[in-house]
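**Student:** Handing you a structure now.
The values are calculated or read from the model by the stated rules, or taken from the named source; none is laboratory data. Keep in mind that what you see is a predicted model, and the values were worked out from it rather than measured. Neighbour counts run over all protein chains shown; Cβ positions are idealised from the backbone, glycine included.
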Amino acid sequence: MPPIVQIDDLVVEYVSKERGEGVKRAVNGLSLSIGEGEVFGFLGPNGAGKTTTMKVLLGFMPPTSGSASLFGTDVRQPIARQRIGYLPELTYYYKFLTTEELLRFYARIFKIPKAETEKRINEVLKLVELEGARKKQIKTYSKGMQQRAGLAQALINNPDLLILDEPTSGLDPIGRMKVREIIQRLKEEGKTVLFSSHELGEVETVCDQVGILHQGELKEHGPVADLVTKHGTHLEQIFLNVVGYATDSESPTEVEIPKEESP
Amino acid sequence: MNFSAIWAMATLVVRELYRRKDFYVLFILTAVITLSFGAVNFFNEGGIVRYLKEICLTLIWLSSIAIAVMTAARQIPDEIERKTVLPLLAKPVTRTDVVLGKYLGCLLACGITLLVFYVFFAAVSASKDSTFQLVSWFQALLMHWAMLSILIAMALAGSLVFAAVSSNATIVLLATGFILGILRHLNKVALMQPEPMQTILYTAYFCLPHLEFFDLRDLIVHSHPAVGWWPILLALFYADCFTAFFLVIACVLFKRKAIG
């Protein structure tokens, strides 16, 4: 079965806005493949290149070199985005709309027939637990509700692939738990999910596979259980080891990391 | 091109307009000023009617220009600032679709606004003047709408050049003021200038959009007979050319803009 997401030797460079910094490389030779029904967690510190990779997948920016495809179609073709749902980090949706109107707006973009739109709206609002607030304007929503409205818009076209950029960022523990539950349910439905997060526990719970990105390079990649066995420690320590934080003797939270086993 | 997406974005802009207060405030202001002037009767009957029509139409022009420019100027910057452009562009939508959807939405929103204003004007005119001419009224409305189309496209293109909504709106409003007030006389000024200033001014005179072509206020204020339809069609074509020119610029700039 062909992969849902295929990235080959991806390089993304951009001109830095900082004076004298010139061209910076955000992603450096990234190759990745995500199969159908997998939940893939993208880990990495801020500036590691996670969001940039997602931006390339969504066609927001072109790759400097290498290639990326979704469902076998080059990401630069708008049709590649027909079967995906995307939730950006902290978005403020059209405040003057109700969630129902917001979902109708996005459904129209996907050319979903009216009867199916209404059915789909009911389904996704039930999934994200916003049925009671469907006729309220988004400006009256809490942050958690807005994020769930965002998830609803990402699901309106019943996508086969979901790309979620830090979906629990800025949410309280209950909000996080609800979003996590939704991802779990989507996983059970067989959806392919690619999401980035700083919450390592969350990734460990939800993901089949993880990739740890650091300075634009994929440092570790594989099923969580395999990585834990390979390194003989939990995901958080593997992450700290990969990003080089634990080896810093000046670090305020110095931790002892076991030596890496040879592959 | 995703016409369904273009239409969805257009209806979103119209919905935003009637859920905001701008339009209502300007309409009520226009109505109150016009009606209070209409209540005063210190001129002879013919004079007061023309005077009232002129005031009402001037207020409609000012209000509609403000609504068109402000609405168009904030569309794309607001999408970028609120980050709603990200889920939007993550759908099967091109950036050209977004620009066209925003343009169409602003045009429809301004069309509805103009219709409300002109119906109010017709009601005021009909109450004071028995010689109300429907064809002239319709031609003035149509030409006014065509003029707003150029301004909307100009403001959309400007919103991709200037970072702040306020600076873009101010520049477009100043440019509109310049075009309506000075451009029509620029050829006479050019004639008195030495070279190369003469050529520069003449170039500006012929290249900038002559918005005054679309001002048919005198036609209805003085109850003149309607203009022939050929000059109207020609003026609409002229408006379409400038609108298309600014929209192409907007599409090219938006395609090059880094998002996110």
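**Student:** Can you name the number of the only condition in (1) within 23 Å of B:Ile171 (Cα to Cα); (2) at pLDDT below 95; (3) more than 12 Å from every other protein chain (Cβ to nearest Cβ) that B:Ala146 fails?
**Tutor:** (2)
**Student:** With in contact with a Pro (Cβ under 8 Å, 6 or more places away or on another chain), in a helix (DSSP H, G or I) and in contact (Cβ under 8 Å) with a residue 60 or more places away in the chain as the only criterion, which of B:Ser125, B:Ser136, B:Ser149 stands out?
**Tutor:** Of B:Ser125, B:Ser136, B:Ser149, the one residue that is in contact with a Pro (Cβ under 8 Å, 6 or more places away or on another chain), in a helix (DSSP H, G or I) and in contact (Cβ under 8 Å) with a residue 60 or more places away in the chain is B:Ser136.
**Student:** From the list B:Leu236, B:Leu191, exactly one residue is within 23 Å of B:Met143 (Cα to Cα) and either touching a helix residue (DSSP H, G or I) at 6+ places or on another chain (Cβ under 9 Å) or without any contact (Cβ under 8 Å) to a residue 40 or more places away in the chain (or both). Which is it?
**Tutor:** Of B:Leu236, B:Leu191, the one residue that is within 23 Å of B:Met143 (Cα to Cα) and either touching a helix residue (DSSP H, G or I) at 6+ places or on another chain (Cβ under 9 Å) or without any contact (Cβ under 8 Å) to a residue 40 or more places away in the chain (or both) is B:Leu236.
**Student:** Pick out, from the stretch A:1-106, the strands (runs of 3 or more DSSP E) lying fully within it that include 2 or more residues that are away from every other protein chain (no Cβ under 14 Å).
**Tutor:** The strands (runs of 3 or more DSSP E) meeting that bar are A:5-15, A:23-34, A:39-43, A:65-70.
**Student:** Let me ask another. If you check B:Gln198, B:Gln193, which single one turns out to be outside any helix (DSSP H, G or I) and of a type in the set (S, T, N, Q)?
**Tutor:** B:Gln193
Here's the yes/no breakdown for (1) modelled with pLDDT under 90; (2) buried (at least 21 other Cβ atoms within 10 Å of the Cβ); (3) under 15 Å from the mean Cα position of the chain (by Cα):
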| position | (1), (2), (3) |
| --- | --- |
| B:Leu160 | no, yes, no |
| B:Val172 | no, yes, yes |
| B:Ile182 | yes, no, no |
| B:Val189 | yes, no, no |
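**Student:** Report, by residue number, each residue of the stretch B:76-100 that is touching a Ser or Thr at 6+ places or on another chain (Cβ under 7 Å) and in a helix (DSSP H, G or I).
**Tutor:** Correct list: B:Ile76, B:Pro77, B:Leu86, B:Pro87.
**Student:** All but one of (1) away from chain A (no Cβ under 14 Å); (2) assigned to a loop (DSSP other than H, G, I, E, B); (3) exposed (fewer than 15 other Cβ atoms within 10 Å of the Cβ) hold for B:Ala258; which doesn't?
**Tutor:** The one condition B:Ala258 does not meet is (1).
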